[in-house]
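Written out below as structure tokens is the structure these notes cover.
The values are calculated or read from the model by the stated rules, or taken from the named source; none is laboratory data. Note that this is a predicted model, so its numbers are computed, not measured. As a convention, Cβ positions derive from the backbone with ideal geometry for all residues, glycine included, and neighbour counts pool all protein chains shown. Just so you know, the surface numbers come from the protein's heavy atoms only, side chains and all, with ligands and any DNA or RNA stripped out. Shrake-Rupley method; radii C 1.70, N 1.55, O 1.52, S 1.80 Å.
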Amino acid sequence: MAERSSTGLLTMMLEPTPALAMTLPAEVREKLAELELELSEGDITQKGYEKKRGKLLAPYIPQIQGVDPSLQIDNRIQASSQVALQGSKSNKSRAANTRDERFRSDLHTEAVQAALAKYKERKMPMPSKRRSVLVQSSVEACTPPDTSSASEDEGSLRRQGRLTTSTPYQGHSHPAVEHWFNRVIQGSSTSSSASSTSSHPGGRSVTTTNTTAHAALNVNAAATALADLMAHTHLDNHSAPPDVTGLSERSSHHAERPHVASVRGVSRGFNHHTSVMETADGCEWRGEGSLSLIDGVPVNSRVSNKIQQLLNTLKRPKRPPLREFFVDDFEELLDVQQPDPNQPKPEGQQMCPLEGEPLGVVTNWPPSLPAALQRWGTTQPKSPCLTALDNAGKPVYTLTYGKLWTRSQKLAYTLLNKLSSRNEPLLVPGDRVALVFPNNDPVMFMVAFYGCLLAELVPVPIEVPLTRKDAGSQQIGFLLGSCGVTLALTTDACQKGLPKAQTGEVATFKGWPRLLWFVTDGKHVVKPPKDWHPPIREASNDIAYIEYKTSKEGSTMGITVSHSAMLAHCHALTQACGYTEGETITNVLDFKREAGLWHGVLTSVMNRMHVISIPYSLMKVNPLSWIMKVHTYKARVAVVKSRDMHWSLLAQRDQRDISLSSLRMLIVADGANPWSISSCDAFLNVFQSRGLRPEVICPCASSSEAMTVAIRRPPEMGVPPPGKAVLSMGGLSHGVIRVDTEEKLSVLTVQDVGQVMPGALVCVVRAEGIPYLCQTDEVGEICVSSGSTGVAYYGLPGMTKNIFETVPVTPSGIPISGRPFTRTSLLGFVGPDSLVFVVGKMDGLMVVSGRRHNADDVVATALAVEPMKFVYRGRIAVFSVSVLHDERIVVVAEQRPDASEEDSFQWMSRVLQAIDSIHQVGVYCLALVPANTLPKAPLGGIHISETKQRFLEGALHPCNVLMCPHTCVTNLPKPRQKQPEVGPASMIVGNLVAGKRIAQACGRDLGQLEDNDQFLYIQDVLQWRAQATPDHPLFLVLNAKGTVSSSASCLQLHKRAERVAAALMGRLNTGDHVALVYPPGIDLIATFYGCLYAGCVPVTVRPPHPQNLATTLPTVKMIVEVSKSVCILTTQAITKLLKSKEAAAAVDIKSWPTVLDTDDLPRKKSPQMYKPPTPEMLAYLDFSVSTTGILAGVKMSHAATSALCRSIKLQCELYPSRQIAICLDPYCGLGFALWCLCSVYSGHQSILVPPLELESNASLWLAAVSQYKVRVTFCSYSVMEMCTKGLGSQTEALRLRNVNLSCVRTCMVVAEERPRIALTQSFSKIFKDLGLSPRAVSTTFGCRVNVAICLQGTAGPDPTTVYVDMRALRHDRVRLVERGSPHSLPLMESGKILPGVKVIIANTETKGPLGDSHLGEIWVSSPHNATGYYTVYGEEALHADHFNTKLSFGDTQTVWARTGYLGFLRRTELTDASGERHDALYVVGSLDETLELRGMRYHPIDIETSVIRSHKSIAECAVFTWTNLLVVVVELEGSEQEALDLVALVTNVVLEEHYLIVGVVVVVDPGVIPINSRGEKQRMHLRDGFLADQLDPIYVAYNM
């Protein structure tokens, strides 16, 4: 394990300075101890404790100048925690005889614990999780754990009885947000030593249910910690990355001045970011001004805002010269990490290539391996070659050299002569053959391997595929395919165990070529005739075998080894290890590849050695088996991995009578691993007493490509003593070797791997870029040039050239040797005595912000944090993923089945601290998965690339996740600073200079009046139509079956309206407001006109939903109250509903105004019609809930009503002969106008389809359009979505029912938002088959101030789509880009601007006109603008200027209304009806909805689109901000197991595409995100629900 020597752990035992502590009188020390006790019992507050302690110590402390005394407690905490640590170490009954931790090192554990002791106990918001998601709901998870004292044996760092509060579950499964706040509050700060914690005395304090001794700590009311955390995350990125891990330990109950102990990273960060954060206790945090540093002394500047403003004005930068205003500033450059000028650089001389001793000449050395086999098989046939063991450790079979020779010959003959396809032999020499043998059958493998060599076939040994979807199995298939393998050799038992297809044959594995399976057991092979002899040739450069290797990315390559290289490697190993004929060797490794194959199958046969092969399955049952076999067989050599040594240590207590004195070499095959040294040392400690000599431990370094690179020679060869290096981790991360002196925690102790192999030339080159030779104190990749390395990656000449081979050059660029070197993918250096040291592998290399970290080292650190208590079998995977142009470290661990939520959370937070402290690098994501769920590599390790793949695909299914993007993403672009605005003159000059038009446009003129246009009042039009065309049908209402449920002609409607008027006139006064609560239908229209006839002001209200009164009825009540309605008109059924018992539960039913049931009104004619005195009189009120959840009613005058109808009539060419179909809700906006006003005004017939009916018959609307051959139809997004989802697969059935949509010229979606292109396009695509023209679908745009600004209409050019740069939009710039370019966002024009409507784009702040290329607020001027708000509920003052506002310069006369929507205008190449160039209006989004983050403007929908795309199970998403945190709520469509997969994917995609850090990810059930009747997300309602903890989330993750 990467071992950090840790000394000086007990640096300070007592108070502030050691010298002083010793001089304290006994009684003072006693009093201090009493105080400690009181505090731990909760009898005294932290504040009181500090005060009293300060008093006690005052006489003895030399006050350090200028340091806040409260800062000095840090020492005390550290001291006491270290005492505790030592205590728990000494009296620990080490429960370490479990086999959990792979590679334990006490030294390392101590280093990690010491590192942790530097931190105060970490308090972080614990993610909340619904019970059903818990992998195992253990009892402890629900009951508050007993926290009175930390148990001794868990090696915990909990300060005894002080901060041991566990997360109290408040009786329900997810702690409320409040709850979380109070946990975060222990003060989390980004400055590393302490955080500023200020709060008001009146702060709300919430006591948790855990009323043990520590309640006092949890009550800390200072909720600023979170705000603090966030305030520092927008820091200036050049400073050191903010470190969220150091948490301050102070909690306070009174407002006190915040102190900043170390202002690392607060440097310039504060002025970037002027924002007000509301924290939970109502304390306001101003980004600027609440913490300023004067000469490094923190002061709390509660200066009056006026003075502060004045100061800020003085500090403002001078205005940039004019031209710079027209240079786009949105090229957001990600911060490139500048190398630290103080980072260590290599200082040594350039290294010289290192030569191994020459290969000795052996006189009778066989010319090839098959020749050696022939020699021993014929001259020493009885000599044992290989002994196989069963799972009980009993020898099953011993293969002799004679048997190996004869059986290999039989197999060779059979393969070449007895297998044929279509009368051709199946195999010819040189063909590749797969060897599929289980790890417990070395005998059959060896026969098959040598059989292939004798037949001159090329064996490709691979793992046995167990299931069709093994980790990495597809890649193996790719390798077999590229090698052209058609035949697989296997054993009978293995063949029976393979998955079978229906036919009984072996199933074809995913990605594998078709294979013939041949069983090599005796009965299938044939004895060759007497005259047949295998060709035994000299070793050539032909391929002997292919060894597979999996790369870091998970792709599998085949490394080709030639006959000559195989022979040379055996020769070199024999010489280096001093192998002699007939030696016994114990092999624990996989005999199919690498060292297991080289020592146990090849070199052993060369030297007629006897191999005892220990299968992995036996090691699992009995880790001591290999040691027993060494003892039994008096083996001279053993080949093991450090894991095997470690396992045997944990099990060695039972065996007394074992002797290892026969060993002359214990080869540690993974001696290059950072943790091998601790395994070697620990193993030696225990077994030295059993005859193990220290000098026989021989670590070696090897790689698949270069084979053995270096090995420590056995003692008899007279080699220099072994070396050990204690290196600084910091130095290593910069690629430099520094023997560590000062920082004792972060060091890596490595052992040498001996000398270079005989006959090899070794050098170290730069790992990236041109392979320059390294300097002597520089870490690089080790490269080897010798006759015994692999030759190439099979079939991959390009990769072979680039990755496999390299030509090292001197700094002047001259190659150091004529022949190429092979890269070993080992990182290391050459130390003193020409010893080779390896510090890591290229595969595990993670380059984060320019510094290198090794995955193995990080694993070692994570394992040192109480491993046996928590991590299942030490299974931890560490890898890096690329997010936002840098590598990010991900740690995935399997947790033990019995771990509680609390355990896992605590373990996670401590791992983060340990890694941060020892490696000085932040972990991006830490995930815990249930035991045994990580993909396994063949011999039980973790399949890293597969794990990474699953992580990125969202298929890892963790049970706990902690993301820390705030700490480790340090390359975000700098927050944008708003330029001071330009003056009007320069703006206009600027637009002239840059050749930009002022962005304004208008619809065509209203033109000539027609006969019905002279009426000023809509009710007059109805009366005129009732006389002129009494029987002309105006309305048809369809029911769910598609039949007409009610209809009305002009006269019928007039008569019904008269009845209503008659009923009202006696009862109400003119000008009274009347609420109309009707389901969609003729009643609603008739009562509307009845109100106008009677001089009342109608207010249409959506009726409450009988199944959902609790949420829908309060809205009805609110509209009735806000609109000051004196009477409610409705149907009989709804009257009953309003007064029902269920309604009483939701609202106060006694306070309803008069309710009139209009179902059976007497047939009475009203005495006379009311005539309004002027057209400016109020006609009706239009109430609607905006997407931000504000209820707003607008006043529509008679003049505006008529103008609206006239404008729509012109745009859509509506005449009495036309029919239009409307599938909209008739309660507000354009939907109301189309239902109730337009038909009466224009005389066309409206086919009304209530959207609710579509729920029972999705095809109702389209069938009606087809049946009535409608040319113009209107719908809403929700209707379109219902059709797309509900009818997507049924277009065939609809065609058979003769549904034909070719009649439709325009289908308009009525909306108050940016057009949803994806939905309209998929709708067009799906119904293209039914004849729908792709040009038919378009959108409309209206808002509160003007319900119809744009409508496509029937004439004019088709709507255009443009692609804009999303990054530019964030800066309110519009930059057009090509389709498909990165960061492009498609925007569709929102229909044509209506006749009589003028539109201009204005700056939201200065109210000046903007140029074409700017995003601004859409202002509208038109005769049908609404005249004002009728009380925006609760926000009257804010909106006074919405309806009459003027430009601050330019045309300052026109009165405009502000729509509250951002958009831009663009002149297109198309011409409109008047022959002018057409101006297109593009709506980008509502101003109220935009999120201001990092000085930029974001539209929620853009972030949501990215999020929905990130995983197939995300059904819907909504985002909002909360105290400067971005909160993402996702609806999970799928199993709850997937909930935690989404956290990382959501964080990644938002970082990559929007440069934002997600603060909270909330995973909820489908349907939780509220949607209004128009199909728009109600993000503010969602936000309120989240803050009130009403969402019942599946999981809430707080990203640190």
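Peptides 430-440, 820-830 ranked from most to least packed by the mean count of surrounding Cβ atoms within 10 Å: 820-830, 430-440. Couplings 3J(HN,Hα) for region 734-739, derived from phi with the Karplus relation 6.51 cos²θ - 1.76 cosθ + 1.60 (θ = phi - 60°), are 9, x, 10, 9, 10, 6 Hz, where x marks Gly and Pro. Taking square-rooted eigenvalues a ≥ b ≥ c of the alpha carbon gyration tensor, is region 1171-1282 rounded, prolate or oblate, where a/c under 1.5 means rounded and, failing that, a/b exceeding b/c means prolate? Oblate.
In this structure region 1217-1321 gives 32 Å² per residue of accessible area when probed at 1.4 Å with all protein chains present.
Annotation for region 704-759 versus region 1265-1341: alpha-carbon center distance of 71 Å. Expressed as a whole percent, the accessible surface of region 387-522 that belongs to carbon and sulfur atoms is 51, based on a 1.4 Å probe.
Taking a 32 Å limit on the Cα-Cα distance, which of the listed pairs LYS634/LYS724; LYS1407/LYS1577; LYS382/LYS527; LYS1124/LYS1392 fall beyond it? In this structure, LYS1124/LYS1392 exceed 32 Å between Cα atoms.
Summarising the label geometry, the points placed 7 Å from Cα in the beta-carbon direction at ALA33 and THR1291 lie 8.5 nm from one another. Along region 817-830 the Karplus relation, 6.51 cos²θ - 1.76 cosθ + 1.60 evaluated at θ = phi - 60°, assigns HN-Hα couplings of 7, x, 9, x, 9, 9, 6, 9, 6, 9, 9, x, 7, 9 Hz to successive residues, with x for each Gly and Pro. Under 5 Å from the amide H of GLY1391 lie the amide H atoms of THR1339, each residue being 5 or more positions distant or on a separate chain, with H modelled from the backbone and absent for Pro and chain starts. Within the accessible surface of region 713-844, defined with a 1.4 Å probe on protein heavy atoms only, the carbon and sulfur portion equals 61 percent. Computed from the C-beta positions of SER659 and GLU716 and an R0 of 25 Å, the FRET efficiency is 0.80 to the nearest 0.05.
Taking amide H positions as modeled 1.01 Å from N, with prolines and chain starts lacking one, the residues under 5 Å from VAL458 and 5 or more places away or on another chain are GLY430, ASP431, ARG432, VAL433. A 1.4 Å probe run over region 716-787, with the rest of the protein chains in place, finds 33 Å² accessible per residue. What full-extension length gain, to one decimal in nm, is calculated for ASP531 and ALA507 as 0.36 nm per residue of separation minus the Cα-Cα distance? That pair, ASP531 and ALA507, stretches by 4.7 nm at full extension. Counting 0.36 nm for each residue step from ILE803 to CYS352 and taking away their Cα separation leaves a gain of 160.1 nm.
The share of accessible area on region 1558-1600 that comes from carbon and sulfur is 51 percent, using a 1.4 angstrom probe. Note on ASP1160 and ARG1335: the model spin-label points, each 7 Å out from Cα along the C-beta direction, lie 5.6 nm apart.
Taking the Cα centroid of region 897-924 and of region 1132-1168, what is the distance between the two, rounded to the nearest whole Å? With region 897-924 and region 1132-1168 each reduced to a Cα centre, they are spaced 63 Å. The residues of region 337-387 expose on average 62 square angstrom of accessible surface per residue, using a 1.4 Å probe on protein heavy atoms.
Using R0 = 22 Å, the C-beta based FRET efficiency linking MET1118 and SER1140 works out to 0.75.
With the simple model of a label 7 Å out from the Cα in the direction of the Cβ, LEU1470 to THR1111 spans 3.8 nm.
Annotation for region 1469-1504 versus region 1349-1427: alpha-carbon center distance of 4 Å. In the structure shown, the pairs LYS31/LYS51; LYS1269/LYS1325; LYS496/LYS592; LYS1285/LYS1328; LYS496/LYS523 are assessed against 18 Å; a Cα-Cα span above that value is assigned to LYS1269/LYS1325; LYS496/LYS592.
The overall shape of region 1076-1123, judged from the alpha-carbon gyration tensor, is oblate: a/c is not under 1.5, and a/b is no greater than b/c.
With an a/c value of 1.5 or above and a/b not larger than b/c for the gyration tensor axes a ≥ b ≥ c computed over the alpha-carbon atoms, region 741-790 is described as oblate. Compared with the direct C-alpha span, the chain from GLU1552 to VAL686 gains 306.6 nm at full extension, assuming 0.36 nm per residue.
Database remark: amide H of LEU516 closer than 5 angstrom to the amide H of LEU487, ALA488 (H placed geometrically; neighbours at sequence offset of 5 or more, or on other chains; Pro and chain starts carry no H).
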